[in-house]
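Worksheet for the structure shown next.
The values are calculated or read from the model by the stated rules, or taken from the named source; none is laboratory data. What you see is a predicted model; the values in this text were computed from it and never measured. Positions of Cβ are generated from backbone atoms using ideal geometry, with glycine treated the same way; all protein chains shown enter the neighbour counts.
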Amino acid sequence: MRSATILITILFLLFHKCHFAEGESIPLAIDFKPLGFEAAKALAKQSGKPIFMDVYAVWCIPCKQFEKTVFTDKEVGEKFNSWFINLKVDAEKEEGKQIFSLYKVGGYPTGIFITADGSLLSKFEGVLPKNLFIEYAENALQLNTNPNGYATALSTYLANKTDLNNIRSLLHFCNLSGNTMPLEAMDRYFATCSNHTVETDSTLLRKWLRTGPIVLSGKETYSYFLKQHELIRKIASVDTTYLSGFFYSSLQSTLQAAISSKDETLLQKVLQLNSELPRQFRQAENIEFELNYYLETKELQSYFQKMNGYCRANYSKKISVKNKDEASKIAARINNFGWNYFMYADKKEDLMLAATIMENCITLDNSFAAWYDTYAGIMYKMGDLTKAIELENKAVLFATKSAYEQQIYRTKIERMKRGEKTWIPEAY
């Protein structure tokens, strides 16, 4: 009887294709084969199918989320079982470690599509929604019929970079394979194409934009998107939030180049471009780019000169805002400045200004723990231990939703009592 029971249990598990992780059973629609890597490749060659591998770790919460939300879907199961030999790969087991290294896995979960001989078709990282997951699979199937498509398209483009069809072909194979589209190619595309061409290529461009490209601010792609943003929104199905992030990322990329080369002329270009952005696309004020530049280049005299001037003009006097949400946003902005004073200011007059703006911050929104924590740090740095501990205790009081956060604030109180420098960056 015992052997019959075991057999029935095994048959039940095979029928329901369950995956077990830390005691949890999830019925999966995808038929993940219980095979080693070499056996899976042999089966793929025999069946004429490529391979899909879900690379995971048993402790990975997003991996379990992917299983529950996508791998259990009936349509996903039908397509993947028809199209691929499917494998689950525990990246922390022996063969999984080899696959992790071979395909340069960067995090969990990672989905990897390969040919029957093990050549990489494409891969992705993170949890994908069902429709995008299926799209990646369809791309991999196209690549499997032409696994050298990307290399050929790249070679053809490099031989003639001005041919629009070469750029289109390269973009197509970059979208399929997950390779990064050269930014110079996109700049050439948008410098020469018509609006009609952009509309014709809407599917290609929509897939490219989904990869979150960071273009060079002020160059042809950036300028086209700025000038034709309504057309881009229409053909690429993106909203104002996406485009504002697109422009902001471009400006940040240029700012980082300015910081790396300590090029203040390039900083001024960033400020000019940011000022020229329509209000609906502007995510930051020029002061934030300036402060970031001077802090990262360690030009602290210029840093405090800029920050002092801005804070005196905007936050040193009582601020009256009737809308609660708007008041909270302004308070959060003031707190960011206050925190930077706490971390980097040494002069008494700078810290006194910081204390003034933090008092106004709490007047605007007096129920947020982080505001009290910042204010406490400033008072401690000014030498007022009694006031600092009083404020830090208020931070503990308002951090009721997070025991971890409360413990951080209590630890700071103990450090203050011991006379430690709580503003040392390494401590955070």
note = Reported set for region 190-220 where residues are charged (D, E, K, R) and within 16 Å of the chain's Cα centre (by Cα) is Arg210
query = Hey, does region 361-382 have a residue that's part of a helix (DSSP H, G or I), acidic (Asp, Glu) and touching a Lys or Arg at 6+ places or on another chain (Cβ under 8 Å)?
reply = yes
Which numbered condition Ile99 fails, given (1) part of a helix (DSSP H, G or I); (2) out of contact with any strand residue (DSSP E or B) (no Cβ under 7 Å at 6 or more places or on another chain); (3) hydrophobic (A, V, I, L, M, F, W, C); (4) over 16 Å from Phe32 (Cα atoms) = (2)
note = The lone condition Val215 fails out of (1) of a type outside the set (Ser, Thr, Tyr); (2) surrounded by fewer than 19 Cβ atoms within 10 Å (Cβ to Cβ); (3) within 22 Å of Gln272 (Cβ to Cβ) is (2)
ask   = Going by the structure shown, is Arg168 of a type in the set (Lys, Arg), touching a Ser or Thr at 6+ places or on another chain (Cβ under 8 Å) and either surrounded by 15 or more Cβ atoms within 10 Å (Cβ to Cβ) or under 19 Å from Ile112 (Cβ atoms) (or both)?
value = no
ask   = For Leu141, which of the numbered conditions (1) surrounded by fewer than 13 Cβ atoms within 10 Å (Cβ to Cβ); (2) assigned by TED's automatic domain parsing to the domain that holds Phe84 fails to hold?
value = (1)
key: Odd one out for Thr411 among (1) within 20 Å of Arg333 (Cα to Cα); (2) at pLDDT below 95   = (1)
request  = Kindly indicate whether any position in region 381-395 is hydroxyl-bearing (Ser, Thr, Tyr) and touching a residue at least 40 places away in the same chain (Cβ under 8 Å).
outcome  = no
ask   = Which ranges mark the helices (runs of 4 or more DSSP H) fully within region 284-349 that have 3 or more residues being in contact (Cβ under 8 Å) with a residue 12 or more places away in the chain and not assigned by TED's automatic domain parsing to the domain that holds Tyr380?
value = 286-296, 300-315
inquiry  = From the list Ser402, Ser367, exactly one residue is out of contact with any Gly (no Cβ under 6 Å at 6 or more places or on another chain), of a type in the set (Gly, Ala, Ser) and under 29 Å from Asn314 (Cβ atoms). Which is it?
reply    = Ser367
